[in-house]
Amino acid sequence: MSMSKVARFHQMGGPEVLQLDEMDLAAPQADEVLVKVNTIGLNRAEVMFRNGQYLETPQLPARLGYEASGIIEQVGPNVSQFSIGDKVNVIPAFSMNQYGTYAEKALLPIHALVRQPANISDEEAAAVWMQYLTAWGALIDIGQLTEG
């Protein structure tokens, strides 16, 4: 077990409903890691989630956070592609009812992690993925944009 301060909300509303809760985090399960969070990204999706206007309804008390930069502290079973000490970025690829990055430490699924490129800062790394995936989804997936 690991202790962490985690920003959560116990009722829907504006930023005033956020509170820091001291939580015991379980050891990573299969295909999960524990990440010491260095920097988080802030997104409109998280505001919408907190206000009950997102793709899913928050299960209270709820966590927040899709993006982060951090360092792996623990790995769960079946994790071979990442090691303790790896610097990683968290991309928006999970339900905030299950995971969240607004925390000192966060349990996260490995399918939502990428190695942080050496040539970008923690701040850049924590702020780029949602915008990238939104643009890619709109242009490539939905709009079928191709070369030429």
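The values are calculated or read from the model by the stated rules, or taken from the named source; none is laboratory data. Given the structure is predicted, the values throughout are model-derived calculations rather than measurements. Methodologically, a virtual Cβ is constructed for each residue, glycine included, from the backbone with ideal geometry; neighbour enumeration extends over all protein chains shown. Calculation scope for accessible area: heavy atoms of the full protein, side chains included, ligands and nucleic acids excluded. Shrake-Rupley method; radii C 1.70, N 1.55, O 1.52, S 1.80 Å.
Observations
- If you plug the beta carbon distance of Tyr54 and Lys87 into 1/(1 + (r/R0)^6) with R0 = 25 Å, you get a FRET efficiency near 0.30.
- Across Leu42, Leu55, Leu18, mean-square fluctuation computed from a Gaussian network of the chain (C-alpha pairs under 10 Å connected) peaks at Leu55.
- Nearest-20 debye value, the range 2-148 charge dipole, Cβ charges on Lys, Arg, Asp, Glu: 120 debye
- The label-point distance for Glu16 and Asn97, in a model that sets each label 7 Å from Cα toward Cβ, rounds to 2.8 nm.
- The range 75-131 - charge dipole about Cα centre, Lys and Arg +1 at Cβ, Asp and Glu -1, debye rounded to 20: 180 debye
- Highest GNM mean-square fluctuation among Val75, Val37, Val47, for the chain modelled with Cα contacts below 10 Å: Val47.
- Listed options for Cα extents along the principal axes in Å are (i) 41, 36, 31; (ii) 59, 27, 25; (iii) 52, 38, 27. The value calculated from this structure is the one marked (iii).
- Inter-probe distance in nm under a simple model that places probes 7 Å from Cα toward Cβ, at Lys5 and Leu139: 3.9 nm
- Ligands, DNA and RNA left out, the accessible area of the chain computed with a 1.4 Å probe is 54% carbon and sulfur.
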